[in-house]
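A quick write-up on the structure given underneath.
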Amino acid sequence: MVAGEASGDQLGAHLIEALKARGRPAHFAGIGGPRMANHGFRSHFPMEKLSVRGLSEALLHYREIAGIRRQLAQLLLAERPDLFIGIDSSEFNLGLERQLKEAGIPTMHYVSPSVWAWRRSRVRRVARAVNHILVLFPFEAPLYEKAGVPVTYVGHPLADMIPEKPPRDEARAQLRLPSGKLIVALLPGSRRSELQYMATTFVLAAHRFHQEVPDVHFVVPVVTRETRDIFERALYEQQGTDLPLTLLFGHSHEALAAADMALVASGTATLETALFKTPMVITYKQSPLSWHLMRSLAYLPYVGLPNVLAGERLVPELLQDEATPAALCAALINLLRDGDAQRRQRERFAEFHHLLRRNAAERAAEAVFKVLEQRG
């Protein structure tokens, strides 16, 4: 198995747990993070080596990442595992999966590459690389069925984990947030490269919002010590140390459960926010080169998962040059003052939760055993 970032590590951990629950002896190895390691997974390389986002950032680390993939391929071709499962990280995994498949090792891919947001020719690349694909969203399965790729829609594990009625009062008490305040969650990203582009913008937007809405308290969950340091440095440099703000190490789910609204960097966090029924504004900034390359390939008019699921611009999106502190502040204030918009978001978010709650890990484990049985 190979997972290249925190969300993949979480998916892998749930899948390993579901596979082990069936009582069949199995060994799990490859590349993974701490959650997978907690279930006995042995990682040959640090997962953080693969955790880059954006095309230009990936190019900067290409030689190191390519070297890791080459070494891992040699190891797997020598060991010949019963099955290889690539978890997301398609730019790393699809090439590896194709090499293994051509050598007679069955391969699965868990989480569809964004074929709905990029060129559909990627479906053909997936078909050459895998024996089976597990997808998280219902609109993805028909794309693969049409191309003749064996596919299973498993739903999204986050929809299984997150309660349909978030415990807002309990979360606020747990985080010791001040009572009677408007709670705004700020989620500027989970990777170092994301914080480098967005931390200052988020701090300045919070400054402006606080000037307009004094009775506010911000809550900011960060994933790693490194991303925490970047955000704290932005606070210091922008004279934001006097902001009413609680900086958390982890606890993103508690922060989203506690929040009245959120400003969220595009990615899995937007889906988490939706599942917690928290009205939001989506934003994203990356290097100009990565942005140019992405826009030249994408064909959807929006990037946030809630908008992709809704098939419309349900949630405001401010991307790249539009993502200024003033514009983000204005979008949050508009959302705060528009009760109908908040209600529409919450209603659609509840629909998404029902749609995606499918006991994903169990469905994925069942599909894995079917592929293994076909091998004999």
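The values are calculated or read from the model by the stated rules, or taken from the named source; none is laboratory data. Keep in mind that this is a model prediction, so the values were computed, not measured. So basically every Cβ, Gly included, is an ideal-geometry build from the backbone, and we count neighbours across all protein chains shown. Note: areas computed on protein heavy atoms with side chains; ligands, DNA, RNA excluded. Shrake-Rupley method; radii C 1.70, N 1.55, O 1.52, S 1.80 Å.
The residue that is farthest from the chain's Cα centre (by Cα), counting only those in the stretch 185-212 that are more than 16 Å from ALA327 (Cβ to Cβ) and modelled with pLDDT of 95 or more, is HIS210. Return yes or no: is SER43 modelled with pLDDT under 90 and either under 23 Å from the mean Cα position of the chain (by Cα) or among the charged types (D, E, K, R) (or both)? Judged against the criteria, SER43 is not a match. Cβ separations smaller than 8 Å between residues 6+ apart or across chains give the following pairs from the stretch 213-224 residues that are closer than 18 Å to LEU335 by Cβ and in contact (Cβ under 8 Å) with a residue 12 or more places away in the chain to residues that are among the aromatic types (Phe, Trp, Tyr) and open to solvent by less than 10 Å² (accessible area, probe 1.4 Å): VAL216/PHE209. When residues in the stretch 1-29 are screened for being out of contact with any Phe, Trp or Tyr (no Cβ under 9 Å at 6 or more places or on another chain), small (Gly, Ala, Ser) and assigned to a loop (DSSP other than H, G, I, E, B), 3 of them pass. For the stretch 107-117, state whether one or more residues are assigned to a strand (DSSP E or B), open to solvent by less than 10 Å² (accessible area, probe 1.4 Å), modelled with pLDDT of 90 or more and among the polar types (S, T, N, Q). Checked against the condition, which is being assigned to a strand (DSSP E or B), open to solvent by less than 10 Å² (accessible area, probe 1.4 Å), modelled with pLDDT of 90 or more and among the polar types (S, T, N, Q), the stretch 107-117 yields at least one hit.
Looking at the stretch 140-156, which of its residues are in contact (Cβ under 8 Å) with a residue 40 or more places away in the chain and either surrounded by fewer than 18 Cβ atoms within 10 Å (Cβ to Cβ) or within 23 Å of ALA310 (Cβ to Cβ) (or both)?
The answer is TYR153, VAL154, GLY155, HIS156.
Among the residues of the stretch 179-205, the ones that are touching a strand residue (DSSP E or B) at 6+ places or on another chain (Cβ under 6 Å), of a type outside the set (D, E, K, R) and either surrounded by fewer than 20 Cβ atoms within 10 Å (Cβ to Cβ) or free of Cβ contacts under 8 Å to residues at least 60 places away in the same chain (or both) come to 1 in all.
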